[in-house]
Structures are given as structure tokens and as C-alpha cells.
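Below is one structure, written out as C-alpha cells, with a few remarks after it.
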Amino acid sequence: MVARFKRELLDLKGEFHQASDWADAQRWVGELVRRNQIHSVAVMPHDDAREIARSLHPPAQGDFALHVRVLDGSEDCGHRLAHVDLGVTVCDCLIACTGSVALTTRTGFGRALSVLPPAHLVVARRSQLVPHPADAYRLLHSRYGASVDGWPSMMTLITGPSRTADIEKILVLGAHGPKKLFVLLLDF
């Protein structure tokens, strides 16, 4: 399933890394930040996402200024996230056959963190990988219950970077959300 997810995500112009330990994960994220000239990062308060943020302090390059903030929800409204280069979230699951990320307002820390920054990094565990969309819906149903009251206010499937070909059938990335999607699979 990992190979299938990776192939599908890469075909959609997303980036993928399967980390064998924290050092590998942190090295890859550091390279990703430098290569994409990311200067500001907003991180949801989840243990795996926080561990990634820890690796980004202090800036590794002399003239490369990097601001990393772990969100607490007090002043993290959408207009403040619009000026962040990279949003870091976890997810509910990854769907192998489509290369999709299933995300809710609970795993995405609201609606804005995965949509407003021009780049989105999803941190996931191998145990979150499912083969098909139907498996993702079963997982969500078992997690959030049969009652509508238990469900998050939003659920989305992210299948590659935001894209549209509405105008003259020319593909444009980042039209309605992040131009870049990165998935870090923690395989340890």
C-alpha cells in the first residue's frame, strides 16, 4: 500500500517521504523547508507535528530566517494563517489507491491550516494507510460514530496540490488551496 500511495501522490505532483526514524523525518523536513524557501511554518498541536517543529529550531542556515509557531487556537484565525508559508497537520488516514489524504477539522486543526498556506505538510503513520475510499469512510464512521453530533464540522479528501483547469483547459496548481502538498509517512 505504501508504494501505491507514493506512486499516486507523485503522479498528482505531490511529494512523499517514508521516514524510518525521527532523525530521517527531521532531516527530510529540514531539506524541504530549505529547498522550497519556506520562512514561516504553522504547526498544529499534535505530538508528531510538534516533533517535526522541534527539528526546525533554530534555523540551520546562517542567512535563512525561519519562524516556526505551534498553534494553540487562541489567535490562530484564518487571516493570520494566510501569511504562513507552510501548514503542518496530521490526518485521519491516507488512501492508497488514490494518493489522497482524509482530513477533518479535528485532524487538520480547523479548516484554515490545510488550505490557506501555499504549502501543506501532512504527517501520518503507516497504521493510518487504508487501501480504498470505502475503508476511509468506515474508519471515520468507527472513529466519529453514527450520530451526526459526533462528527467534525468538515471532512475533506485532499488528492494532490490544489488544481483547476477551468480556463481554456490549462492546468493551474494552487488555485483554491495549497500549491504544494507534502506527505511524511512515519514508518517506525
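Each value in this text was obtained by applying a stated rule to the coordinates, not by laboratory testing. As the structure is a computational prediction, the values presented were derived from the model and not from experiment. All Cβ positions, glycine included, derive from the backbone under ideal geometry; neighbour counts span all protein chains shown.
With a Förster radius of 35 Å applied to the beta-carbon distance between residue 126 and residue 34, the computed FRET efficiency rounds to 0.85. Placing +1 on the Cβ of every Lys and Arg and -1 on the Cβ of every Asp and Glu, with nothing else charged, gives the stretch 2-186 a dipole about its Cα centre of roughly 300 debye.
With the charge dipole of the chain set up from +1 on Lys and Arg Cβ and -1 on Asp and Glu Cβ about the Cα centre, the Cα lying farthest toward the positive end among the listed residues 182, 30, 145 is that of 182. Expressed as an acute angle from 0 to 90° and rounded to the nearest 10, what is the orientation of the C-alpha long axis of helix 2-11 relative to the principal long axis of the chain? With rounding to tens, the tilt is 70 degrees. Each of residue 12 and residue 50 was given a label point 7 Å from its Cα along the Cα-to-Cβ line. The distance between the two points is 2.9 nm. A crude spin-label estimate for the pair residue 21 and residue 137, with each label 7 Å from Cα along the Cβ direction, gives 4.2 nm. Counting only DSSP beta bridges whose two residues both lie in the chain, roughly 25 percent are antiparallel.
3J(HN,Hα) along the stretch 121-128, derived from phi through the Karplus expression 6.51 cos²θ - 1.76 cosθ + 1.60 where θ = phi - 60°, amounts to 10, 9, 9, 9, 9, 4, 5, 8 Hz, with x in place of Gly and Pro. Size estimate for the chain follows the Kirkwood approach: the inverse of mean 1/r over distinct Cα pairs works out to 16.8 Å.
Per-residue extension of 0.36 nm, minus the Cα-Cα distance of residue 147 and residue 79, leaves a gain of 21.3 nm for this segment.
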